[in-house]
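Participant: Quick one: the structure is below, questions incoming.
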Amino acid sequence: MEVEHFSHPDHPLILINQVLEYSCELVICSGCEGPIWGPCYSCTSCYFFLHKKCAELPREIKRRIHPRHPLHLLAKPPYEGECFCDRCVKTCNSFVYHCSFCKFDLDIKCAFQPGFFEVDSQAHQFAHKDHPLILNEEQEYHGEGVKCCVCKEPMSGPSYRCTSCNFFLHKKCAELPPEIKQHLHPEHPLRLLPNHDIEENCKCEWRLSLFCYFYL
């Protein structure tokens with residue numbers, strides 16, 4: 001099957017269903033920069049290949065991480081300098097989903113990652129109501145001086161981030177349960193509340209930096 005593809009306008013692409021063998025040379029997808037082992041589209045005139053799934057990506061998507069505008073698939077980042085994915089902060093060199101109004105970018109891995117979701121927990125509702133928080137399970141280092149907005153400890157490991165503000169939560173802090181039972185206060189369950197909602201003379205509480213568990 002022969003198709004025209006926006007990322008390679010000079011020549012048509014041919015669908016190849018068999019395993020590629022080029023003198024044992026690794027064949028790289030021009031869309032995701034990953035190795036190609038299965039079905040792909042190839043240009044017979046140049047050394048250009050796309051995974052079948054990369055060639056069939058939608059040209060426009062909508063994502064909750066950027067609800068204002070749709071994201072459009074580009075063959076290359078539109079900037080003269082480096083382009084970074086606004087979710088994983090990795091460099092984008094090939095296919096990228098881009099918002100021209102906001103200069104917002106997602107690499108195709110983040111745009112379609114199965115675990116890509118927003119948090120809507122009690123902690124999120126208290127701490128940052130204005131924007132959604134996006135889970136990032138891959139980034140270990142968030143920069144010097146970056147701290148969790150709940151526990152005030154340095155950020156490391158899985159986290160939730162607001163892409164509109166400089167707001168971060170540890171994954172464990174964002175997913176605090178709305179109610180707990182503690183042996184230190186066995187009479188009643190403790191409910192998660194913002195610290196500013198608690199009276200200063202209250203003794204039935206377990207305080208965190210931004211939230212506390214409190215007996216109502």
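Only the coordinates and a few stated rules stand behind these numbers; no lab work does. Note that this is a predicted model, so its numbers are computed, not measured. We place every Cβ from the backbone using ideal geometry, glycine too, and count neighbours over all the protein chains shown.
Participant: Local charge sum around Cys54 (other residues, Cβ-Cβ under 15 Å, Lys/Arg +1, Asp/Glu -1)?
Facilitator: Neighbourhood net charge equals +2.
Participant: If you don't mind, another one. Cross-link list Lys53/Lys90; Lys53/Lys103; Lys147/Lys172; Lys53/Lys109; Lys147/Lys171; Lys90/Lys152: which exceed 18 angstrom alpha carbon to alpha carbon?
Facilitator: Beyond 18 Å between Cα atoms: Lys53/Lys90; Lys53/Lys103; Lys90/Lys152.
Participant: Sorted by mean Cβ packing within 10 Å, highest first, what order do the peptides 48-60, 94-106 take?
Facilitator: 94-106, 48-60
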